[in-house]
1. Can you name the residue in region 47-75 that is under 12 Å from the mean Cα position of the chain (by Cα) and open to solvent by 50 Å² or more (accessible area, probe 1.4 Å) and, of all such residues, is farthest from Asn25 (Cα to Cα)?
2. If you scan region 1-20, which residues turn out to be in a helix (DSSP H, G or I) and open to solvent by 30 Å² or more (accessible area, probe 1.4 Å)?
3. For region 27-50, name all the residues that are in contact with a Gly (Cβ under 7 Å, 6 or more places away or on another chain) and farther than 18 Å from Gly97 by Cβ.
4. Give region 53-81 a look and list any residue that's hydrophobic (A, V, I, L, M, F, W, C) and either in contact with a Leu (Cβ under 6 Å, 6 or more places away or on another chain) or in contact (Cβ under 8 Å) with a residue 24 or more places away in the chain (or both), or say none.
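The values are calculated or read from the model by the stated rules, or taken from the named source; none is laboratory data. None of the values given here were measured: they were computed from a predicted structure. Virtual Cβ from ideal backbone geometry, glycine too; neighbours counted across all protein chains shown. In case anyone asks, the SASA skips ligands and DNA or RNA and just uses the protein heavy atoms, side chains included. Shrake-Rupley method; radii C 1.70, N 1.55, O 1.52, S 1.80 Å.
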Amino acid sequence: MILIDKNILGAALAFLLGLAVAAANYGLSRLLLIKQPRLFAAGQVIRQILSVGYLLALYFLGGKTPWNPLWLLIGGGLGLTLPLLWSTKRLVQLSQGKEDSADG
């Protein structure tokens, strides 16, 4: 029997960890865009490795947790994806030199 509330807790934790990975990816991209713009494209490879590595960890280690791995993947995927709506806009603004310094 699947306990929905227990699985939602696992999805929420995976979501929060996904947010942390997305924040690290944003920080890396922002740093590269400011300090070394010519390395920005190479930094995307590192971002991709972090994101895919996180999802692979959820997939392979999910069976060792008390939560259903599917719920972990849903939470982790949303945690990685939803922040892209905000961070992509911010990185585009930064690359065009229009970022507000008050937000940072």
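1. Residues of region 47-75 that are under 12 Å from the mean Cα position of the chain (by Cα), as a first pass: 47-55, 75.
From what's left, open to solvent by 50 Å² or more (accessible area, probe 1.4 Å): 48-50, 52, 55.
Numbers: Gln48: 9, Ile49: 10, Leu50: 8, Val52: 12, Leu55: 14 Å.
By that ranking, first place goes to Leu55.
2. In the first step, residues of region 1-20 are kept if they are in a helix (DSSP H, G or I); the result is 4-20.
If the condition is that a residue be in a helix (DSSP H, G or I) and open to solvent by 30 Å² or more (accessible area, probe 1.4 Å), then Ile4, Asp5, Lys6, Ile8, Leu9, Ala12, Leu13, Phe15, Leu16, Leu17, Leu19, Ala20 are the ones that fit.
3. Kept after step one, since they are in contact with a Gly (Cβ under 7 Å, 6 or more places away or on another chain), are these residues of region 27-50: 28-29, 32.
Correct list: Leu28 only.
4. Initially, region 53-81 is screened for residues hydrophobic (A, V, I, L, M, F, W, C), giving 55-58, 60-61, 67, 70-74, 78, 80.
Of everything in region 53-81, those that are hydrophobic (A, V, I, L, M, F, W, C) and either in contact with a Leu (Cβ under 6 Å, 6 or more places away or on another chain) or in contact (Cβ under 8 Å) with a residue 24 or more places away in the chain (or both) turn out to be Leu55, Leu58, Trp67, Trp71, Leu72, Leu73, Ile74, Leu78, Leu80.
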